[in-house]
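Structure first, then comments.
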Amino acid sequence: MNLIRDFAIGFGLVAIVIGAALAQAGFFNGFGLGEFVRAFAGEYSRVSLDLAAFARAPLIIQIHAGSALAALGLGLVQLFAPKGTIPHRTLGYVWLGLMLTAALTAIFIRELNNGSFSFIHIFVPLTLLGIVGIIMSARAKRTAKHRGDALGLFFGALVVPGLFAFMPGRLMWQMLFGG
């Protein structure tokens with residue numbers, strides 16, 4: 001039952017963060033739900049790849065996006081690879097290093113909010129706490145907690161914030177939709 005409770009809490013927190021992000025972006029101003037869905041679907045239906053946008057991005061954003069994408073790929077490998085092995089442990093430390101790099105570089109990315117932190121920066125301390133939790137539970141050989149911590153960090157500090165990278169004006173948006 002703890003899994004269901006944890007999922008409900010996590011879903012609620014994600015819904016609050018997404019709602020805050022959409023409200024900050026002004027998506028609800030003058031829109032009913034139907035108009036919002038049609039506008040959102042219309043924007044995402046015009047894919048035109050611009051991979052040069054990555055090269056044009058500032059170095060700190062390149063490092064951030066590169067480490068986050070590498071962490072996403074390696075995280076998927078870690079989720080499906082055998083556990084309790086030396087490669088799992090070694091790749092786990094590499095993954096945590098990538099997550100740490102993504103979190104720390106995010107602190108310096110403030111172009112979209114006039115030099116201030118935005119709602120998405122809440123994931124920085126959550127990531128740092130998650131990294132500590134994963135290491136502590138693994139060292140204490142609490143495998144169930146370690147698995148839960150790893151899944152929570154993967155989805156809560158990588159996948160969910162990664163979805164925000166596809167908001168208009170961000171690098172992933174520019175790469176997929178041309179600006």
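The values are calculated or read from the model by the stated rules, or taken from the named source; none is laboratory data. Treat the numbers as computed from the prediction; the structure is a model and nothing was measured. Cβ: placed from backbone, ideal geometry, glycine included. Neighbour counts: every protein chain shown.
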Report task. Quick one: count up the residues across region 98-110 that are in a helix (DSSP H, G or I) and surrounded by fewer than 15 Cβ atoms within 10 Å (Cβ to Cβ). Result -> 0
Report summary line: Apart from one, (1) more than 22 Å from PRO125 (Cβ to Cβ); (2) among the β-branched types (Val, Ile, Thr); (3) at pLDDT 70 or above all hold for VAL47; the odd one out is (3)
Query raised in the report: Looking only at residues in region 54-71 that are more than 9 Å from LEU98 (Cβ to Cβ) and in contact (Cβ under 8 Å) with a residue 60 or more places away in the chain, which one is nearest to the chain's Cα centre (by Cα)?
Result: ALA65
